[in-house]
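Below is one structure, written out as structure tokens; comments come after it.
The values are calculated or read from the model by the stated rules, or taken from the named source; none is laboratory data. The structure displayed is predicted, hence computed values, not measured ones. Cβ: placed from backbone, ideal geometry, glycine included. Neighbour counts: every protein chain shown. Only protein heavy atoms, including side chains, enter the accessible area calculation; ligands, DNA and RNA are left aside. Shrake-Rupley method; radii C 1.70, N 1.55, O 1.52, S 1.80 Å.
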Amino acid sequence: QVLLVESGGALVQPGGSLTLSCAVSQTIFSRHALMGWYHQAPGKERELVASFTTGGGRTYVDSVKGRFTISRDTTTNTLYLLMNSLKFDDTGVYYCYVRYLGSDYWGQGTQVTVSS
């Protein structure tokens, strides 16, 4: 059963913008869940770059603050990541993540390539 499906990855030039989407199953889409986006750069470990806390607040890793915005639509159970001012270092696979009732859920990932 696929519970998270990402889309929106693409090839984009430096300075460009991109919005990633993650369709989340209603069974795990909860305002009390931890939801976020991980970034895995080539040859590196996954890093949580943006998330909604269980209290509903937003957190960002320093490298994306002011450039990325996480949001969600509770009517369509969709998680978004708006990425502006993209840099070469933003290249990699982005994974949608949900932690709900003690279980972890991952999407299949979507590739973002920042290149001129």
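Before moving on, here are some points about what is shown:
- Residue identified as exposed (fewer than 12 other Cβ atoms within 10 Å of the Cβ), farther than 21 Å from residue 92 by Cβ and out of contact with any His (no Cβ under 8 Å at 6 or more places or on another chain) among 43, 56: 56
- Looking only at residues of segment 59-116 that are part of a strand (DSSP E or B), among the charged types (D, E, K, R) and more than 12 Å from the chain's Cα centre (by Cα), we find that the one that is farthest from residue 37 (Cα to Cα) is 73.
- Of all residues in segment 33-47, exactly one satisfies the criterion of being touching a residue at least 60 places away in the same chain (Cβ under 8 Å) and not in a strand (DSSP E or B), namely 33.
- Boolean, residue 16 is open to solvent by 60 Å² or more (accessible area, probe 1.4 Å), in a loop (DSSP other than H, G, I, E, B) and either without any contact (Cβ under 8 Å) to a residue 24 or more places away in the chain or among the small types (Gly, Ala, Ser) (or both): no
- Residue pairs meeting the criteria (Cβ under 7 Å; at least 6 apart or on separate chains; first closer than 16 Å to residue 18 by Cα and in contact (Cβ under 8 Å) with a residue 24 or more places away in the chain, in segment 56-72; second surrounded by 11 or more Cβ atoms within 10 Å (Cβ to Cβ) and among the basic types (Lys, Arg)): 70/58
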